[in-house]
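Scroll down for the structure; my scribbles are underneath it.
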Amino acid sequence: MVGVAKDRVTAHAMGDAALMLVLQQLAAERNTIRQWTDTSVNYQGAEIQVSVMPLSGLININGASLPLLTALLTIGGGVPEGPAQELAINILARRERSSLDGRRPERFEAIEDLMQIPGIDYDLYARLAPLITASNAGSGGSSVNPLAAPPEVLRILANGNEGIVNQIAAARASGDAASVDTSGLDGSLSRAGSAQRRYRITAKVPMADGRFFLVDRSVYFGARTRDGLPWYTFEARQMLQPAS
C-alpha cells in the first residue's frame, strides 16, 4: 500500500511539472490555441504526453441545449433515450432555478454538481466527467467546437458514427484546420468557437504497472493572479487510467 501511494504521489508530481512547462510555453508564446493539440514533455527521463484543449471543445453543462444534453447522456453516458431526456430536462431545471438572492440563475459551480441531479450516480458521472465543463463564461454555450473536441465528444456530435470521428481526428492531426470536414456532424450540436484562452491541459504519466496517471488543469489566461502567474487555475483533477 505504501508503494502504491508513493507511485501515485510521484506520478502526480511529474504530471504537474509537465503541465507547468507547457503552461509556461503557452504564456511565453501568447498564441491562442483554437483546436485540440498534442505535445510531449521529457521530464526526469519519462516521456509525458500532454494535450491542450480549448474548453469550447467540451460540453458546457451551464449552456448546453436540451438536444446536446440528451446526446451527452445517451451516447456519452449509455443512458436509454427516454430516461436520458428526462435527466436532461432535470439538468436544465436545476441550472435555471433562482439563486438564494433571487437575482440570477443558480448554475453549476463545478461538474461534480451533476451528482445533485436525481438519477445521476457516481458511475454515470465518471463516464460524463471527461466530456463536460461547468464554465459560466467564455467556453461555449449551446453547441461545441469540433476542432477542439476530444474524440469522445466528437462521437456525440457525430451521433455515434466512428467513421466520421476517425476522419476528423486524422485531418485535425495533420495540422491543417482548413482540411477538417465537419459536414457529417450534427449541425445543431456543433459550430466553430470563438477565440478564448481557456483550456483544459492534461498530462498522461506512464506508470510501471502499465497504467497511466492523468493530471489535468482547467486554466484561464487573462489578468495576472495574486501569485503573479499569467494564468488562473479554476479546476484540477487527478485519476488513474487503466492499462489498454
Problem - Calculated on alpha-carbon atoms, Rg and Dmax of the range 15-132 in Å - result: 17.9, 54
Fill in the blank from the handout: Asserting the computed 222 nm helical MRE of the chain (DSSP H runs at least 4 long, -39500 (n - 2.57) per run, divided by residue count, to nearest 500) equals -10000 deg cm²/dmol
Handout entry: Estimated FRET transfer efficiency when R0 is 35 angstrom, pair GLU47-ASN90 (beta carbons, to 0.05)
Key = 0.20
Problem - Extension gain (nm, one decimal) between ARG127 and GLU152, 0.36 nm per residue minus Cα-Cα - result: 8.0 nm
Practice task
May I ask you to order 47-58, 27-38 by the average number of other C-beta atoms within 10 Å around their residues, highest value first?
Solution key: 47-58, 27-38
Handout entry: Separation of the ARG97 and ASP38 label points, Cα + 7 Å toward Cβ, nm
Key = 4.2
Practice task
Report the FRET efficiency, 1/(1 + (r/R0)^6), for SER179 and VAL2, where r is their Cβ-Cβ distance and R0 is 51 Å, rounded to 0.05.
Solution key: 0.50
Practice task
Which order do the peptides 3-10, 90-97 take when ranked by the mean count of other beta-carbon atoms within 10 Å per residue, highest first?
Solution key: 90-97, 3-10
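Read-outs: derived from the displayed coordinates by stated rules, not from any lab. All of these numbers come straight from a predicted model, not from anything done at the bench. Positions of Cβ are backbone-derived with ideal geometry, glycine not excepted, and every protein chain shown enters the neighbour counts.
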